[in-house]
Every structure is written in C-alpha cells, then in structure tokens.
Amino acid sequence: MTDERRTRTVTMANRHRAGGVIVEVLSGQGVAARHVLGEQALVAGSDAAVDIVIREATVSRRHASFELKRGGVGMKDLGSRNGTWYLGARVTDATVPLGATVRLGKTLVRFVAADAAPAGPRIEGLIGSSVALEEHRAQLQRAAAVEASVLLRGETGTGKEMAARAIHLASSRRAAPFIVFDGGTSSTELLDSQLFGHRRGAFTGATENRAGAGINAGDALDVAIEIDTEPREVVVPEDLMAALDAEPAAKQAFKKLSYSNKRLHVLSVEDAKTPETRQRRVEKVITTLRGGK
C-alpha cells in the first residue's frame, strides 16, 4: 500500500553544530558507510557519480541531496521513484534536526554531529545498530518528545519494558520516578488498593496496613497488560442494534471486532447525555464500521 501523505516543507528547530555533520548510511548489520557533510551539498543515489553511493534497488540514481542548514540538515528529494521519508511522511523539501533518521526508498540514513560520540545507542537501555532497531529508536524518540500515553505491543520477552523505560529516560519527565505496575496479576476488586494502599480492616482480608504503589500525579507509569483470551459477549443497546440490522455490511464488520473494540463503540453510545447526541453517535458508529474500521 502506498502512503500518499506529502509534506512540502518541514522545519524543526535545532542548534547548528560546528564542524560539519556525519551522514551515516545504515545497513542490516549497522553503519555501512559514513560521509562528511560540510559546506558543499552532497547528493545520494545509486549512480556511481554521486557523492553518497547507495547500492540498493529502491534507491534512485540521483535520489536526494543534503546540505547544512541553520535548523539541522536540509534535504531535497530529486524526483526519486520510491520517495524520501521522515517520521512516516514523504517529503520533497525538509529541514530535519541532527540525530534524525530518514529513509531513502528502503535505506535508512542518519545525520549526527561530526563532533558527537561514535555511533551507538542514543536511547539508554537499547543496544544495537540494526536497521530495525534504528526504526524503533526513531519511533521511541518521537513518542518521548510529546505528552501522550504510549501503547507498546509485542510478544513476551521482546523488551517492551526496556522500551517503556527508554521513552521515560528520553522524555521531559526523566527526573521523576519510573514505576512498573503489572495489571496482569491484579484483580479488579483490589486494583485501587494496590495503586493507592489501604488500612488494616478496610475490607475482608486486609490484615495489615499497605502502602500504595507510590504513584503521584505526573509520574510515568508502565502498565503491564496481558491479553484475556476468554470469550466475552457485548450487550448492544437496542438503538445501535437496530442501526446495525439496517446496515448488513456494518453489522458484519462489528461482528469481526474484538471484544474491546466492540465495547468502545457501545460505550460511545451509552455515554451520550442527550437523545440527539446518542443518535449522532449511533450514526458515527455505523459510518465508521461501513468504512471498515
């Protein structure tokens, strides 16, 4: 599937570093080649005559050019076949900060200050320099730069807690405590007790005082979630069910949703404060499902 998003001009402020910039071409084994970007602009592509030669099928002969800018590195796509990409968007003319990783076709290129430390992990706790890990680092850095909740998905043992800790250490909250709460071992009845503590005798089985998890407002919280595979049924309100019955395609899409996603649609309807709002939300659910979401 082709991503049709375009960004004509993107400028992200960053202090210009003296001494030039190192352009690193990354391979599956790590850093394949380094090139110094100074006063002269560099052209990257698969042609043997360009400054940065990248032997990769998705890279055009003259793919993109790089030059020093006040905000970091200015890059221009030179009409490439597979595009120049940054943070998931295809760009034609952009200025990216030092430390950024961009993609030419399927090849990753990273810009670092010439006087910076040798290539290595830029997020604490994540070790390695493969293309896959570089892509993850870029995503984690992007998540760390904003105030938003982050959901990390992956199989057991793939390092989700390390990624969560890395986001915390790279964020503006790095000085605050990083607290892990394992929701997979917690019961619904005792959730508030485990988070906030309780006094002896507060409920049956509370034989001693218990301190809470030490979570304060503004603290980063890493919540471990385990998938519940038990079958569950969602009670669909009558008005939503009637609307689904009238739209067979939407009803079929609803049946294919997970329990959690079904509940999200139902709750959006049930939380409406007025009949008018409820009707609009029912219509929105149908429209969303009709679109295959």
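Which pairs break 31 Å Cα to Cα here: K106/K284; K160/K262; K106/K262; K76/K160? Going by Cα-Cα distance, K106/K284; K106/K262; K76/K160 fall outside the 31 Å limit.
What is the local net charge at E270, summed over the other residues whose Cβ is closer than 11 Å to its Cβ (Lys, Arg +1; Asp, Glu -1)? Summing Lys/Arg as +1 and Asp/Glu as -1 gives +2. Maximal additional length on extending the T158-R55 stretch stands at 33.9 nm, based on 0.36 nm per residue less the C-alpha distance. Available extension along the chain between D47 and K256 is 70.4 nm, counting 0.36 nm per residue and deducting the alpha carbon span. In the stretch 40-105, one over the average inverse separation of all distinct C-alpha pairs is 11.7 Å, which is the Kirkwood hydrodynamic radius.
What does the net charge come to around A246 if you take all other residues with beta carbon closer than 12 Å to its beta carbon, with K and R at +1 and D and E at -1? My count for the surroundings of A246 gives -2. A Förster radius of 35 Å, combined with the Cβ-Cβ distance separating S268 from R174, puts the computed FRET efficiency at roughly 0.50.
Any read-out appearing in this document is the output of simple, stated calculations on the displayed coordinates, not a laboratory observation. Not measured: the values here are computed from a predicted model. Neighbour counts run over all protein chains shown; Cβ positions are idealised from the backbone, glycine included.
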